[in-house]
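Undergrad: Let me begin by handing over the structure; questions about it come next.
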Amino acid sequence: MGTQRKSEQAEEAMKLVTPKGARVDSLRYPDIADLMSRLRFAPGNGRIWLDDQRMVLLHAQSLGTLRRELIDSLGIDAARGLLTRMGYNSGARDAELAAKVRPENNVTEMFAVGPQLHMLEGLTEVEPVRLEIDVEKGQYYGEFLWKGCAEDEEHVRIYGIGAEPVCWTQIGYASGYTSVFMGRPILYREVECRALGQAYCRIIGKPIEEWGEEAANDLRFLKAQAFTQGLAADGDRTESVSSYDAFAPREAPATPTAFGDVNMVGASPGFNAVCHMIRRVAATRATVLFLGESGVGKEVFARTLHRISNRGAGAFVAVNCAAIPESLVESELFGVEKGGFTDATQSRPGRFERANGGTLFLDEIGILTMTAQGKLLRTLQEGEIERLGDTQTRRVDVRVVAATNLDLRDEVRAGRFREDLYFRLNVFPIRVPSLRERKEDLPVLLNHLLRKYRERHGRKVSGFTSRAIDAMLSYNWPGNIRELENIVERGVILAADDGPIDVGHLFISGETFDLSLFGVDEHGSLLPSDKLNELAGAGSGDEAERVTRKVTSLLMGTESDGAPLSLDDIESALLKSAVRQASGNLSAAARSLGITRAQLVYRLKSRGLRV
């Protein structure tokens, strides 16, 4: 009877949603051994690892000193913003561990990874008070107590008891962790704090739109700049201009608010750095060169730069140099006089003249012809253009903003781009990070895009499943934000009304995932993880062992012993293991491998394996 009673108590303790207002016993946290096993110290080479993330061990007083220096040199608001966003980034990183550490656990146990890591990292003791969570419906309410928080201890040590809550980094951590876990922006507010003379710090977290006006002050510290939507990204405006919307106008009306709805959203350090650079250069006349992969949003940033500059009331003219036939590049940029060439039946101003007083955005500038490059160089130097077939020059007042996904230095070395033009354009380069470098922005972008496409297509999709969020965090996004937009729109179309978007609604074009199958040993070296052994275990321990040895030898660059093992053998073992673990359910097996059911069936049949 005693054993049965304990089992019933354990089952009751793991309910996914606690009754409203009920208190959660802190002893209900799952065992922390799975997290401890991912913490590795390598004192011999100065490294500490938490899973695949490098960590550092710092004195709390050193962080207090840094806090004081930031406040004294930048002011309390700027310091709070920096520390809050730093915490957000840390929480977002830890959220990626949740599904990896406890893939088979219920949602409450998975979510507990965050509070438990918060404690493991020495930040504070976290005691849950109330937790209501439904990932698929996007519903969340969390209330926690922080006991012995290192951050407020240091603040009180330096500044004493004050009038405002001070756990800025930890609030950012909680918001970042829960936002990534839920796949939508969640904001925490500190309603009690020891820095106010209270016994404990108490925080409450819920979706941003549920806070209303109360959260306006807290929310601004998660935004990089006033011209971004930052963490909010509520996407409620139906006329929002998408950075990759085929129907978006290529030229804006000459009004200062023309681009007020451009999708500048994010909270990551990379996003913040770009926003800071834009703010610094906006008021100047300097030529700006945006660098970055295709699809990262270079035009969005260029439009924002124009909007917040002194030229915001002028025209923003965008030119995709790759979309203009080589024979028409000069006439498009500089204009043409009647009779300038065979089909020139009338005079026409070029893009420079149409952007007079405003901004000309030259996208894909790396593919311009050498002749056009020469004319562009003269225009940048002299501020004059000459229409094709004309005999007079015309002065233009245009700020040139260029963008490219090519390495212009390599193009110069290859003789395809003029060196003097490169130096003229490279006055103020801004590198826009890829989406895989700013994955902590995914919740903000997903929330924004979900609302946008629900409204556009009239669908009532509730949100994203945990599997879908995990898959999107694991995916490398080679097409960046453009690809993210397409995949979310696809998911909104395929998902059932009032139901969530699952992996099968998103990745149906053969996308592959970067699965982390290897851990780190005490020396900081890669070792096969338990997950590899599970996937490789296709029915016999010997086969699993052979796969493990082979993959390890390939990664470590060592000679493998035993019988030869081909790539087909390894893949066959993974396929059989996935089907076995899914009890023959091919759809579930395909999801576990990050492929579609049709792809799994094809692979099984091609290897003569039973379907």
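Undergrad: Mind checking which residues of the stretch 266-316 are acidic (Asp, Glu) and either surrounded by 23 or more Cβ atoms within 10 Å (Cβ to Cβ) or part of a loop (DSSP other than H, G, I, E, B) (or both)?
TA: Step one: of the stretch 266-316, the residues acidic (Asp, Glu) are 293, 299.
Across the stretch 266-316, the qualifying residue is only Glu293.
Undergrad: Just the residues that are touching a helix residue (DSSP H, G or I) at 6+ places or on another chain (Cβ under 6 Å), under 17 Å from Gly463 (Cβ atoms) and either assigned to a strand (DSSP E or B) or at pLDDT below 80 (or both), please, taken from the stretch 500-517.
TA: Within the stretch 500-517, just Ile501 meets the criteria.
Undergrad: From (1) at pLDDT 75 or above; (2) in a loop (DSSP other than H, G, I, E, B), pick out the condition that doesn't hold for Thr228.
TA: (1)
Undergrad: Would you please name the residue that is farthest from Ala402 (Cα to Cα), looking only at residues in the stretch 328-352 that are of a type in the set (S, T, N, Q) and modelled with pLDDT of 65 or more? Spell out the reasoning first.
TA: Our first condition is that a residue be of a type in the set (S, T, N, Q); within the stretch 328-352, this holds for 331, 342, 345-347.
Next cut, modelled with pLDDT of 65 or more only: 331, 346-347.
On the way: Ser331: 18, Gln346: 29, Ser347: 26 Å.
Looking at residues that are of a type in the set (S, T, N, Q) and modelled with pLDDT of 65 or more, I get Gln346.
Undergrad: Let me ask something else. Among the residues of the stretch 355-374, is any surrounded by 14 or more Cβ atoms within 10 Å (Cβ to Cβ), assigned by TED's automatic domain parsing to the domain that holds Arg409, modelled with pLDDT under 90 and of a type in the set (D, E, K, R)?
TA: No, that holds for no residue.
Undergrad: Collect the residues in the stretch 458-483 that are in contact with a helix residue (DSSP H, G or I) (Cβ under 7 Å, 6 or more places away or on another chain) and part of a helix (DSSP H, G or I), keeping them in residue-number order.
TA: Ser466, Arg467, Ala468, Asp470, Ala471, Met472, Leu473, Asn480, Ile481
Undergrad: Just name the residue that is modelled with the lowest pLDDT out of those in the stretch 195-220 that are buried (at least 21 other Cβ atoms within 10 Å of the Cβ) and of a type in the set (A, V, I, L, M, F, W, C). Reasoning before the result, please.
TA: We begin by selecting, within the stretch 195-220, every residue buried (at least 21 other Cβ atoms within 10 Å of the Cβ); these are 195, 201, 203, 205, 208, 218.
Narrowing further to those that are of a type in the set (A, V, I, L, M, F, W, C): 195, 201, 203, 208.
Details: Ala195: 91, Cys201: 94, Ile203: 95, Ile208: 88.
It comes out as Ile208.
Undergrad: Now, a different point. Of everything in the stretch 379-413, what is more than 34 Å from the chain's Cα centre (by Cα) and assigned to a loop (DSSP other than H, G, I, E, B)? Give them in sequence order. Give the steps one after another, and end with the answer.
TA: First, the residues of the stretch 379-413 that are more than 34 Å from the chain's Cα centre (by Cα): 379-397.
Correct list: Gly383, Glu386, Arg387, Gly389, Asp390, Thr391, Gln392, Thr393, Val396, Asp397.
Undergrad: Identify the single condition in (1) under 32 Å from the mean Cα position of the chain (by Cα); (2) at pLDDT below 70; (3) under 30 Å from Glu154 (Cβ atoms); (4) not charged (D, E, K, R) that Leu27 does not satisfy, given that it satisfies every other one.
TA: Every listed condition holds for Leu27 apart from (1).
Undergrad: If a residue has to be among the aliphatic types (A, V, I, L, M) and crowded, with 23+ Cβ neighbours inside 10 Å to count, how many in the stretch 462-482 make the cut?
TA: From the stretch 462-482, those among the aliphatic types (A, V, I, L, M) are 468-469, 471-473, 481; that's our starting set.
Adding the requirement that they be crowded, with 23+ Cβ neighbours inside 10 Å leaves 468-469, 472, 481.
Matching residues across the stretch 462-482 total 4.
Undergrad: Here are some residues: Val412, Val396, Val461, Val401. Which one is touching a strand residue (DSSP E or B) at 6+ places or on another chain (Cβ under 7 Å), free of Cβ contacts under 8 Å to residues at least 60 places away in the same chain and assigned by TED's automatic domain parsing to the domain that holds Gly312?
TA: On the way: Val412 fails: touching a strand residue (DSSP E or B) at 6+ places or on another chain (Cβ under 7 Å); Val461 fails: assigned by TED's automatic domain parsing to the domain that holds Gly312; Val401 fails: free of Cβ contacts under 8 Å to residues at least 60 places away in the same chain.
Going through Val412, Val396, Val461, Val401 in turn, the sole match is Val396.
Undergrad: Next question. Of the conditions (1) more than 26 Å from Ala216 (Cβ to Cβ); (2) assigned to a helix (DSSP H, G or I); (3) at pLDDT below 90, Asn89 satisfies every one except a single condition; which number is it?
TA: The number of the failed condition is (1).
Undergrad: Right, something else. List pairs: first residue in the stretch 117-142 and farther than 30 Å from Val56 by Cα, second residue aromatic (Phe, Trp, Tyr) and not in a strand (DSSP E or B) anywhere in the structure, Cβ distance under 8 angstrom, at least six positions apart or on different chains.
TA: Leu131/Phe111; Ile133/Phe111; Val135/Phe181
Undergrad: If we keep just the residues of the stretch 104-137 that are more than 22 Å from the chain's Cα centre (by Cα) and in a loop (DSSP other than H, G, I, E, B), which is nearest to Pro30 (Cα to Cα)?
TA: Residue satisfying both the conditions and the ranking: Ala112.
Undergrad: I need a count of the residues in the stretch 185-215 that are within 30 Å of Ile469 (Cβ to Cβ) and either assigned to a strand (DSSP E or B) or in contact (Cβ under 8 Å) with a residue 12 or more places away in the chain (or both).
TA: Applying the first criterion (within 30 Å of Ile469 (Cβ to Cβ)) to the stretch 185-215 yields 185-191, 201-215.
Checking the rest, the ones that are also either assigned to a strand (DSSP E or B) or in contact (Cβ under 8 Å) with a residue 12 or more places away in the chain (or both) come to 185-191, 201-209, 211, 214-215.
Number of matching residues: 19.
Undergrad: Same structure, new question: All but one of (1) at pLDDT 90 or above; (2) surrounded by fewer than 20 Cβ atoms within 10 Å (Cβ to Cβ); (3) within 17 Å of Arg189 (Cα to Cα); (4) of a type outside the set (Val, Ile, Thr) hold for Pro165, so report the exception by its number.
TA: Of (1) at pLDDT 90 or above; (2) surrounded by fewer than 20 Cβ atoms within 10 Å (Cβ to Cβ); (3) within 17 Å of Arg189 (Cα to Cα); (4) of a type outside the set (Val, Ile, Thr), only one is false for Pro165: (2).
Undergrad: Let me ask something else. Determine if the stretch 71-86 includes at least one residue that is in a loop (DSSP other than H, G, I, E, B) and among the charged types (D, E, K, R). Give the steps one after another, and end with the answer.
TA: From the stretch 71-86, those in a loop (DSSP other than H, G, I, E, B) are 75; that's our starting set.
Going one step further and asking which of them are among the charged types (D, E, K, R), we end up with none.
Within the stretch 71-86 (the criterion being in a loop (DSSP other than H, G, I, E, B) and among the charged types (D, E, K, R)), the answer is no, since none of the residues qualifies.
Undergrad: Consider only pairs whose beta carbons are under 8 Å apart and that are at least six residues apart or on different chains; among these, list those whose first residue lies in the stretch 72-85 and is closer than 9 Å to Trp168 by Cβ and outside the structural domain of His276 (by TED's automatic domain parsing) and whose second residue is at pLDDT 90 or above and charged (D, E, K, R).
TA: Partner pairs satisfying both residue conditions: Ala79/Arg67; Leu83/Arg67.
Undergrad: Could you tell me which of the residues Ala99, Ala95 is modelled with pLDDT under 75, within 27 Å of the chain's Cα centre (by Cα) and either part of a helix (DSSP H, G or I) or among the hydrophobic types (A, V, I, L, M, F, W, C) (or both)?
TA: On the way: Ala95 fails: modelled with pLDDT under 75.
Ala99 is the lone residue from the list that is modelled with pLDDT under 75, within 27 Å of the chain's Cα centre (by Cα) and either part of a helix (DSSP H, G or I) or among the hydrophobic types (A, V, I, L, M, F, W, C) (or both).
Undergrad: Considering only the stretch 152-167, I want to know if a residue exists there that is out of contact with any Gly (no Cβ under 9 Å at 6 or more places or on another chain) and assigned to a strand (DSSP E or B).
TA: Scanning the stretch 152-167 turns up no residue that is out of contact with any Gly (no Cβ under 9 Å at 6 or more places or on another chain) and assigned to a strand (DSSP E or B).
Undergrad: For the stretch 394-438, how many residues meet the condition of being loosely packed, with under 14 Cβ neighbours inside 10 Å, under 21 Å from Arg311 (Cβ atoms) and among the basic types (Lys, Arg)?
TA: 1
Undergrad: Quick one: which residue in Arg67, Arg54, Arg102 is free of Cβ contacts under 8 Å to residues at least 40 places away in the same chain and not hydroxyl-bearing (Ser, Thr, Tyr)? So that I can check it myself, show each step before the final result.
TA: Values: Arg67 fails: free of Cβ contacts under 8 Å to residues at least 40 places away in the same chain; Arg102 fails: free of Cβ contacts under 8 Å to residues at least 40 places away in the same chain.
Exactly one of Arg67, Arg54, Arg102 is free of Cβ contacts under 8 Å to residues at least 40 places away in the same chain and not hydroxyl-bearing (Ser, Thr, Tyr), namely Arg54.
Undergrad: Sort out which residues of the stretch 414-452 are of a type outside the set (Ser, Thr, Tyr) and assigned to a loop (DSSP other than H, G, I, E, B), and write them in order of number.
TA: Our first condition is that a residue be of a type outside the set (Ser, Thr, Tyr); within the stretch 414-452, this holds for 414-421, 423-433, 435-452.
Ala414, Gly415, Arg416, Phe417, Arg418, Asn426, Val427, Val432, Pro433, Arg438 - these are the residues of the stretch 414-452 that are of a type outside the set (Ser, Thr, Tyr) and assigned to a loop (DSSP other than H, G, I, E, B).
Undergrad: Please work out if Glu455 is on the phi < 0 side of the Ramachandran plot, in a helix (DSSP H, G or I), crowded, with 17+ Cβ neighbours inside 10 Å and not polar (S, T, N, Q).
TA: Details: on the phi < 0 side of the Ramachandran plot: yes; in a helix (DSSP H, G or I): yes; crowded, with 17+ Cβ neighbours inside 10 Å: no; not polar (S, T, N, Q): yes.
No; evaluated as a whole, the condition is false for this residue.
The values are calculated or read from the model by the stated rules, or taken from the named source; none is laboratory data. Owing to the predicted nature of the structure, the values given are computational and were not obtained by experimental measurement. No Cβ is skipped: glycine too gets one built from the backbone with ideal geometry, and neighbour counts run over all protein chains shown.
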